[in-house]
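Shown next, in structure tokens, is the structure this report addresses.
A short reminder: the numbers here are calculations on the coordinates, not readings from a lab. What you see is a predicted model; the values in this text were computed from it and never measured. As a convention, Cβ positions derive from the backbone with ideal geometry for all residues, glycine included, and neighbour counts pool all protein chains shown.
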Amino acid sequence: MSKPLKTLPVGVVVERQKAQSQWIDYTWRPESVLPGIPDAKPWTILSQTDETALIYAGAAEIELHPSETTQYRDNLLSEQPVLWVVLRATDLDPPYEVFTVTADGAEGEGLAYTGSDIVETVPMPDQIAETLMSFVSEHHVERVFFKRKRTETNKDALGRKPVVESVPPAGGGRGQK
């Protein structure tokens, strides 16, 4: 993809919850996105109970591209605008890293099929929605949908094998001496 025209720094908050499983200790999911980057270090516990903890997982940048303004606009016009947050497993401690955050619905849906990543939507903060709305109004160009028509096939140009008439072998075929 091309270089973004604008980036929005954000902080990602995740929820760690005790799992009801014998195979894993915790489940993880993105909880929210904060406009700007907080002063806290990544993986700082913000609040904790016996069952759950809210943790500042780290920073990311939302990349804004002029070619994706239709996706941003559609997101903003939805009942509840969202951001897609992707956490990627690290095989270390902490167990996940913030991979990306996007406001592009097509990109977010595409990232959901990558396998072991955790991809969740979170509500879009008003400050990010306002910035995104301003970006869309400044850079959006309406593109007319153009449906392609199939061209008629030139049947004379197709590579056809010539028809060869079969000629019976001399002597009348099989079984003769």
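Listed by position, the strands (runs of 3 or more DSSP E) enclosed by the range 36-104 that each have at least 3 residues that are of a type outside the set (D, E, K, R), in contact (Cβ under 8 Å) with a residue 12 or more places away in the chain and buried (at least 16 other Cβ atoms within 10 Å of the Cβ) are 52-64, 82-89, 96-102.
Checked against the criterion of being surrounded by 15 or more Cβ atoms within 10 Å (Cβ to Cβ) and either closer than 20 Å to Asp93 by Cβ or out of contact with any His (no Cβ under 6 Å at 6 or more places or on another chain) (or both), the range 19-26 has no qualifying residue.
One residue stands out among those in the range 4-18 that are touching a helix residue (DSSP H, G or I) at 6+ places or on another chain (Cβ under 8 Å) and surrounded by 15 or more Cβ atoms within 10 Å (Cβ to Cβ): the one that is nearest to Phe99 (Cα to Cα), which is Val10.
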